[in-house]
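The values are calculated or read from the model by the stated rules, or taken from the named source; none is laboratory data. All values derive from a computational prediction rather than experimental measurement. Neighbour counts run over all protein chains shown; Cβ positions are idealised from the backbone, glycine included. SASA here: full protein model, heavy atoms, side chains in, ligands and nucleic acids out. Shrake-Rupley method; radii C 1.70, N 1.55, O 1.52, S 1.80 Å.
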Amino acid sequence: MENVRDSLDQEACYRAVLTRDPRFDGRFFTCVKSTGIYCRPVCPARTPKRENMRFVASSAAAEEAGFRACLRCRPETAPDMGAWRGTSNTVSRALNLIEAGALDEGDVDALAARLGVGERHLRRLFRQHLGAAPVSVAQTRRVLLAKALIHQTDLPMAEVAMASGFGSVRRFNETFQALYGRPPSALRARAERPWDGGVRLSLPYRPPYEVEAMLAALKANGETVEGGVWRRLLTPATDGAAGEVSARFEAENRLAVTAALDDLKALPGVLARVRRLFDLSADPEAIRRDLSADPLLAPLVKARPGLRLPGVWMDEAADMASDRLEDERLAGRAERWRPWRAYGVLHLREAGIDSAQIMENDDEKDAAKNAA
């Protein structure tokens with residue numbers, strides 16, 4: 001079976017690093033053998049020699065191979081995507097569950113059972129698409145979320161440990177000591193400040209992004225949106241904690257999220273739902289590339305490349321949101337849009353194009369071909 005590292009064009013990755021091309025940020029990571037550090041393609045540090053570099057598709061693959069995250073470019077701030085996006089429904093669903101904390105208390109067998117696949121098959125899929133085991137992906141998620149909390153918030157270190165999914169402060173300290181050769185508190189550059197009980201994080205996304213269109217869609221779906229700010233009350237039954245979460249878009253392609261929870265263990269799940277609701281993990285370039293193969297969609301996608309798919313807070317569906325098709329009249333034509341069928345329908349709807357008319361035109365063309 002092809003390994004994800006083999007599917008990456010190593011020389012193309014190197015050229016992207018040389019130019020610090022932002023289009024590749026989050027698509028792969030650079031492992032530097034001479035330093036034991038891994039970086040984003042846009043890292044401002046001097047580019048190492050080619051023979052000292054290897055490229056992997058996920059931060060988990062880099063950490064599993066023994067590399068530690070760069071403290072300068074901070075891989076936890078890269079857009080959330082990778083080479084696996086749009087390639088495996090099972091991997092996508094598994095990552096959503098892991099991000100929500102499925103492996104913080106459960107094991108891989110239980111995760112595989114939730115997905116309806118065997119444990120060995122799930123491990124093979126992760127190795128193929130991410131170059132790392134599910135437990136490594138979960139560990140990396142905890143570490144990178146903890147780093148974001150250390151850098152961006154005033155949470156005490158014990159609370160950072162709980163909020164990022166570590167089972168204990170001791171495990172949290174041991175993991176950071178092993179990865180960075182220093183305690184987690186040493187990564188916080190500023191002096192400790194009083195914690196006011198809220199968590200504020202900036203979640204990255206890849207531009208372009210039609211902010212007003214997303215906020216309008218969420219409001220139409222019943223979400224609370226006022227003055228450019230989205231809010232939701234949290235409940236223990238649904239979210240694992242009581243409290244409130246809000247979000248507003250800010251500069252530099254970030255969604256600023258503020259969460260006030262009575263149990264910080266629920267934070268990973270809340271952040272996962274925010275990312276899904278705002279479609280922060282979308283890959284506009286891949287969507288444009290694949291949908292533009294359809295002559296009907298090509299001009300629509302070109303005109304509005306920043307359209308995103310509004311999500312739902314609780315989503316237990318078995319297929320990827322990006323590939324769901326509610327209008328069965330489009331089923332035949334939409335096969336060409338996989339795995340972005342829902343985006344194709346979204347562009348048609350936003351352009352005011354009726355699916356019935358599309359199918360009638362296709363039927364007429366097929367009839368004309370057959371008559372000829």
Count of Lys pairs (Cα-Cα under 26 Å; at least 8 positions apart or interchain) in the chain: 5
For segment 209-359, size of Cβ-based charge dipole, Lys and Arg +1, Asp and Glu -1, in debye: 300
Fraction of accessible area attributable to carbon and sulfur, segment 180-263 (%, probe 1.4 Å): 50
Quotient of C-alpha Rg and 2.2 N^0.38 Å, computed over the chain: 1.03
Contour minus Cα-Cα distance for Thr19 and Arg349 (0.36 nm per residue): 115.0 nm
Only Lys, Arg (+1) and Asp, Glu (-1) charged, at Cβ; segment 13-101 dipole about Cα centre in debye: 420
Per-pair calculated FRET efficiency, R0 = 30 Å: Arg124 and Thr238 via Cβ, rounded to 0.05: 0.35
Derived scalar couplings ³J(HN,Hα) [segment 271-287; Karplus, 6.51 cos²θ - 1.76 cosθ + 1.60; whole Hz; x for Gly, Pro]: 5, 4, 5, 5, 4, 5, 4, 8, 6, 6, 8, 5, 10, x, 5, 5, 5
Distant-in-sequence amide H partners of Leu307 (H built 1.01 Å from N, under 5 Å): Glu210
Those GluC sites (Glu not before Pro) in segment 190-297 that DSSP places in a loop and that have at most 12 other beta carbons within 10 Å: Glu192, Glu252
Computed [θ] at 222 nm, helices only, for the chain once each DSSP H run of length n ≥ 4 contributes -39500 (n - 2.57): -12500 deg cm²/dmol
Loop trypsin sites (Lys or Arg not before Pro), segment 125-190, which have at most 12 other Cβ atoms in a 10 Å radius of their Cβ (DSSP): Arg190
Derived scalar couplings ³J(HN,Hα) [segment 59-76; Karplus, 6.51 cos²θ - 1.76 cosθ + 1.60; whole Hz; x for Gly, Pro]: 5, 5, 5, 5, 6, 5, 7, x, 8, 10, 5, 5, 7, 8, 8, 6, x, 5
Acute angle (nearest 10 degrees) that the helix 10-19 long axis makes with the longest principal axis of the chain, alpha-carbon atoms: 80
Within the chain: Cβ-based charge dipole about Cα centre, in debye rounded to nearest 20 (Lys, Arg +1; Asp, Glu -1): 1680
At R0 = 25 Å, FRET efficiency that the Cβ-Cβ distance of Asn221 and Arg200 yields, to 0.05: 0.50
